[in-house]
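Reviewing the structure listed below.
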Amino acid sequence: MLFRTLFIMLSFLCVHSYNVLAETPQMGKVYPLKNTALKTEGMRFAQPALSNVSVSQQTAGKTVLATSSNNVVEVGKKIRRPQTSTTPFMKTTGALPGILLGITYYDLQSNGSMPHRISYFEEGNDKSAQVIWMSAVDMDRGTPPHPTRGSYYALVDMSDPVNPEKYADIEWDRIEGTTRSGFPSIIQYKDGSVGSIAHVISTASSASAMRVTKNTSFGDIAFTSKQIPGSDSSLWGHAAVDGDDVTHLVFTSDTSSKNFGEQVVYMRSTDKGNSWSDPIIMTGPLSDPQLPTGRGANSYQLATRGSTVALAYQDTTFNLRVIKSEDNGKTWGNPINVFGGSRHQSAYMIEDYGDGTFRATTDTVPICGPSFDIVLDSDGFIHGMASTTPSWNIGTAQLNDDGQIEFLEDSTFASIYTRVQGVYFNEQANSYGLTTMAEDWDGQGTVVTRPFGSGLCRHFKLGVDDADNSLYMVYTGIKNGDLYETILADNNPASGLQGHIYISKKFNGADNWEPEIDLTPIEYDCQFPSMYQRVKDGVIMMAYQADRTPGISIQNANQDIEENYVHFHSFRPTFVGVNEDQQAITDISISPNPAQDLVTISFGTISETVSLHIADALGQTIATMPEQFSKDGTVMLSTVSFPVGTYFCTIRSEKGIATKTFSIVR
């Protein structure tokens, strides 16, 4: 049965059969794209105007052609019930959850992926969490800014896991002494000794290097610090300790002297950081096994368990890749492309320069942002979660003799989905897909403090409960309506959306993540959650940063410096699981997929009213189903007017929400 739909007409983007003459490009006509390596310099945000969803020849980067590829991403099924929880973790007051560890005036914690900042130690009846956080107690915006920036240490009594207490005799203080450092990862060994690995930049030479700072026993407040040999010209280290007390470190290395850009470099120590292996380039032309070029810039993660080590990183084409070692990092296996492969396939001219060149823009495809995390479960399998966003390329181009558009120079742009999207990866099932999280954005306010390509959610951290291999996830997202006046880097005022920290759970064997719980109150900008990766007895240990103003003052000189509070929150969230009745609409099927001019959507015969809508790559609704067809269980949709690309089909009922993708190819 055909049903009425609401379409955005993009007649000038319709695909026709054609023969192209290289010397006569046509305005607005779609051409195949020569898939050469696209540049990523000058990456920029381009936030969509929700009130202006039409596309014109003069407006690039909207929902142009979100084309399919040989690696089509299938959306994982996701059910979200109305959230009725009354647990104490649904904060309704203005109080920040957890205990205050300290304050910082340096309010940036990560350019991309949050490193590990929390460890746990048991000795007899003593149970303690150790926390490392990047902070500064001064407001100096000199060069370099905040000279007291460094790794600040706190020890937390976990005797009562849901009522933690900070040790009064352990001061919140910088462990590197007078040395300015930044972007630390926590390292803890079997004996409870703890430390930090962070980068240090010399003000005299602007040279950078990794530095390890550690104590000698549990609870010792005397730390010693030294530079790691071979880690020169390095930034943004991520470190982890495996089950055999081997320390693993990856960082961004400036390898420009070797005629290629910043790469991910790996080092290891078998004696608690006293000596180190030679650095190994893990990405780019000198890696072995050879991996695609890495972006660096804090876009990588480490996970360890026993003798297994996993490294995830983002490459320069915004794919997320994982590589694994089973022997404490001595050797590494073959890479897995977790998400990506969708390449820009088409482009069209938007301005003719009259000299054989023209300004062109590509189709729009999803990319993986730098905010992601991985964890190893008790069986040694990798699980990952990452953010996504639509992207396109735009720049000066020409037609070659084969009728393909070739970019002479270009930049990558990205906007944000109006819905909250993430990519979940399960190594054991060899599956990955897009999942819908939290509430769709209503378009009000400005999303701030997000890395390029992160969309509406970022800074994921994962934990696993060893008792049953269930997974927990925390991340920063937005909350509709929680707006506060701020000023942007371009000196324009805006109503910024405050950051909120959410938690969700995936029961072992379940297809879906549970409905998210908002952990943080309104009127605070809560960012940069870090969660301990081992969840014991259902208790989550999390630290985060909060202040009153959305945005990061260290990245935006127009914003006033203010106190940021570093809190530690230990709690046991309540998730009940999705029962059979609530899975009533999960069995969505769309065929054919990919499709051309017609798709059939089936979701079973159900008793209650449902709504169905189709959204494009920017999350903008382009088709809706009248309710009178809702009980038939099968509908047919004409897609003749749809541009080629990827679309989201969402069905809502009283039982919840299910989302799946389909692609149009011609």
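Coordinate-derived values only; no laboratory data. Predicted, not measured: the structure shown is a model, and the values here were computed from it. Don't worry about glycine lacking a Cβ; one is built from the backbone with ideal geometry, like all the others, and counts go over all protein chains shown.
Taking only the C-alpha atoms, wrap a convex hull around region 124-297 and report its volume per residue in Å³ as a whole number.
Details: hull volume 25.2 nm³, N = 174.
It comes to 145 Å³ per residue, whole-number rounded.
Report, by chain and number, residues whose modeled amide H sits under 5 Å from the one on Gly273, excluding near sequence neighbours (fewer than 5 apart, same chain).
Thr247
Note down the magnitude of the dipole of region 124-297 about its Cα centre, charges +1 on Lys and Arg C-beta and -1 on Asp and Glu C-beta and zero elsewhere, to the nearest 20 debye. Mind showing how you got there, number by number?
Numbers: 14 positive and 21 negative charges, 111 e Å.
Dipole magnitude for region 124-297 comes out near 540 debye.
Check which residues have an amide H placed less than 5 Å from Thr364's amide H, if you skip close sequence neighbours.
Val64, Leu65, Ala66, Thr67
With the contact rule set at Cα under 8 Å and sequence spacing of 6 or more, what percent relative contact order holds for region 124-297?
Relative contact order comes out at 13 percent.
List, in order, the whole-Hz ³J(HN,Hα) value for each residue of region 642-652 obtained from phi through the Karplus relation with A = 6.51, B = -1.76, C = 1.60 and θ = phi - 60°; use x for Gly and Pro.
Taking θ as phi minus 60°, the curve returns 6, x, 4, x, 10, 9, 9, 9, 10, 10, 10 Hz for region 642-652.
What is region 439-523's relative contact order, in percent, from Cα pairs under 8 angstrom and six or more apart in sequence? If you can, show how the numbers build up before the last one.
Numbers: 154 pairs, mean separation 22.0, N = 85.
This gives 26 percent for region 439-523.
Please give the contour-minus-distance gain from Leu408 to Asp288: 0.36 nm per residue of separation, less the Cα-Cα distance, rounded to one decimal in nm.
Working: separation 120, 0.36 × 120 = 43.20 nm, distance 3.12 nm.
My answer for the length gained is 40.1 nm.
When the Karplus curve 6.51 cos²θ - 1.76 cosθ + 1.60 is applied with θ = phi - 60°, which whole-Hz ³J(HN,Hα) does each residue of region 326-340 get, with x for Gly and Pro?
Once θ is set to phi - 60°, the couplings for region 326-340 become 9, 10, 6, x, 5, 10, 10, x, 7, x, 10, 8, 5, 8, x Hz.
Subtracting the Cα-Cα distance from 0.36 nm times the residue separation, let me have the gained length for Asp220 to Arg359 in nm, one decimal. Mind dumping the intermediate values first?
Details: separation 139, 0.36 × 139 = 50.04 nm, distance 6.16 nm.
That works out to 43.9 nm of additional length.
Diagonalise the Cα gyration tensor of region 245-380 and give the resulting equivalent ellipsoid semi-axes, square root of 5 times each eigenvalue, largest first, whole Å. Could the numbers behind the result be given before it?
Values: eigenvalues 254, 63, 23 Å².
Semi-axis lengths for region 245-380 are 36, 18, 11 Å.
So what J values fall out for region 290-302 if you push phi through Karplus, 6.51 cos²θ - 1.76 cosθ + 1.60 with θ = phi - 60°, rounded to Hz, Gly and Pro as x?
My calculation for region 290-302 gives 5, 10, x, 4, x, 7, x, 6, 6, 9, 7, 8, 10 Hz in order.
What pairs in Lys226/Lys272; Lys34/Lys660; Lys461/Lys536; Lys190/Lys214 have C-alpha atoms more than 19 Å from each other?
Values: Lys226/Lys272 13 Å; Lys34/Lys660 30 Å; Lys461/Lys536 16 Å; Lys190/Lys214 14 Å.
Over 19 Å apart, Cα to Cα: Lys34/Lys660.
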